[in-house]
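Worksheet: the structure to be examined is printed underneath.
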Amino acid sequence: MRKRPLLEVLFGLSMFAVYLGSQFLSVLIWQRLLSDAAFATLMRGYGFAVLLAPSLLLMLAGFWAWRRWFSPQPTIIGHFTARDVVRGIALVLLIQGLIAVVSVWMNMAPEAFMTSLYDGKSALQSVIMVICVLIWAPIIEELAFRHFLIARLDDQSRGWRMAGLVGFSALCFAGLHMVQYHHLLTFVALFCWGLVLGYYRWRTRGLLLPMLLHALISSIGLVGALS
């Protein structure tokens with residue numbers, strides 16, 4: 001298949017902009033359709049679904065278009081071994097352990113966003129939130145941050161260009177999530193996790209392992225928010 005590097009980069013950046021804009025527009029549309037009280041109730045109970053449903057459809061459509069117009073890479077599954085899985089899980093847990101030790105040492109208060117994650121939600125709403133966080137979000141964000149944002153990653157061999165793309169993706173991943181978080185330590189954790197996810201996206205030439213590791217990271221947060 002003929003390479004079109006500039007078009008690939010432009011399409012990838014356009015899809016990343018679509019990812020950002022879709023969540024803003026979804027909120028704006030519902031805000032216009034509902035009264036203030038009804039909108040607040042909707043967001044409190046089903047906020048994750050409201051934000052992520054349009055993004056999920058658009059990212060999957062963009063990925064289909066990418067593979068049709070540009071390249072068969074990346075695949076969903078990619079190529080990885082049991083050793084990659086074990087090492088990826090170990091790195092995720094190591095980062096979490098180090099962050100937990102530092103937060104206890106510094107006597108840091110939990111992030112307000114996490115402590116209120118389940119507040120005001122019914123059992124059904126909590127289940128929907130968990131599905132969104134563990135399944136939808138990893139699919140959306142791995143496509144957005146580890147594919148579309150750095151669309152030429154698969155063309156890079158080991159070296160500074162690969163490291164630069166992975167680092168840039170991790171920086172954006174951490175920075176954009178700080179809209180809902182506040183501690184510098186949280187930013188550090190997100191950046192380090194972003195490096196792990198980006199590395200395995202490059203190493204496996206696929207999205208499945210980064211998505212699974214992303215889900216593991218999210219599950220740590222969900223369990224921690226219960227305590």
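Here the helices (runs of 4 or more DSSP H) wholly within the range 63-153 that include at least 1 residues being touching a Lys or Arg at 6+ places or on another chain (Cβ under 8 Å) are 82-105, 123-131, 137-143. Residues that are within 15 Å of the chain's Cα centre (by Cα) and among the aliphatic types (A, V, I, L, M) were ranked within the range 210-227; the one that is nearest to Val196 (Cα to Cα) is Leu213.
Taking Trp69 as the residue in question, decide whether it is surrounded by fewer than 16 Cβ atoms within 10 Å (Cβ to Cβ), free of Cβ contacts under 8 Å to residues at least 12 places away in the same chain and aromatic (Phe, Trp, Tyr). For Trp69, the condition - surrounded by fewer than 16 Cβ atoms within 10 Å (Cβ to Cβ), free of Cβ contacts under 8 Å to residues at least 12 places away in the same chain and aromatic (Phe, Trp, Tyr) - is not met. Has the range 170-190 got any residue that is in a helix (DSSP H, G or I), under 23 Å from His79 (Cβ atoms) and of a type outside the set (A, V, I, L, M, F, W, C)? For the range 170-190, residues in a helix (DSSP H, G or I), under 23 Å from His79 (Cβ atoms) and of a type outside the set (A, V, I, L, M, F, W, C): absent.
Just checking, how many residues over the range 29-45 are open to solvent by 80 Å² or more (accessible area, probe 1.4 Å) and not hydrophobic (A, V, I, L, M, F, W, C)? Number satisfying all stated conditions: 4. Residues in the range 108-135 that are among the β-branched types (Val, Ile, Thr) and loosely packed, with under 13 Cβ neighbours inside 10 Å: Val127 only. Pro210 fulfils the conditions (1) open to solvent by 50 Å² or more (accessible area, probe 1.4 Å); (2) within 28 Å of Trp64 (Cβ to Cβ) except for a single criterion, (1). Taken together, Ile128, Ile89, Ile140 contain a single residue that is of a type in the set (Val, Ile, Thr) and out of contact with any Phe, Trp or Tyr (no Cβ under 9 Å at 6 or more places or on another chain), which is Ile89.
Please tell me if Ser26 is open to solvent by less than 40 Å² (accessible area, probe 1.4 Å), polar (S, T, N, Q) and in a helix (DSSP H, G or I). Spelling it out, Ser26 is indeed open to solvent by less than 40 Å² (accessible area, probe 1.4 Å), polar (S, T, N, Q) and in a helix (DSSP H, G or I). The set of residues from the range 136-173 being surrounded by fewer than 20 Cβ atoms within 10 Å (Cβ to Cβ), within 20 Å of Val18 (Cα to Cα) and in contact (Cβ under 8 Å) with a residue 60 or more places away in the chain comprises Trp136, Arg152. Going by what's in this entry, would Ala61 be described as open to solvent by 40 Å² or more (accessible area, probe 1.4 Å) and closer than 30 Å to Leu10 by Cα? For Ala61, the condition - open to solvent by 40 Å² or more (accessible area, probe 1.4 Å) and closer than 30 Å to Leu10 by Cα - is met.
With the condition kept exactly as written, say whether any residue in the range 81-100 is touching a residue at least 12 places away in the same chain (Cβ under 8 Å), farther than 30 Å from Phe16 by Cβ and loosely packed, with under 12 Cβ neighbours inside 10 Å. No, because not a single residue in the range 81-100 is touching a residue at least 12 places away in the same chain (Cβ under 8 Å), farther than 30 Å from Phe16 by Cβ and loosely packed, with under 12 Cβ neighbours inside 10 Å. The residues of the range 174-207 that are open to solvent by 50 Å² or more (accessible area, probe 1.4 Å), of a type in the set (Val, Ile, Thr) and modelled with pLDDT of 95 or more amount to a single one, Val188. A single member of Ala40, Ala17 is free of Cβ contacts under 8 Å to residues at least 12 places away in the same chain, farther than 15 Å from Pro138 by Cα and either assigned to a loop (DSSP other than H, G, I, E, B) or under 19 Å from the mean Cα position of the chain (by Cα) (or both), and it is Ala17.
The values are calculated or read from the model by the stated rules, or taken from the named source; none is laboratory data. Predicted model, so just to flag it, every value in this text is computed and none were measured. Cβ sites come from the backbone with ideal geometry, for glycine too, and all protein chains shown count toward neighbours. With ligands, DNA and RNA removed, areas are computed over all heavy atoms of the protein, side chains included. Shrake-Rupley method; radii C 1.70, N 1.55, O 1.52, S 1.80 Å.
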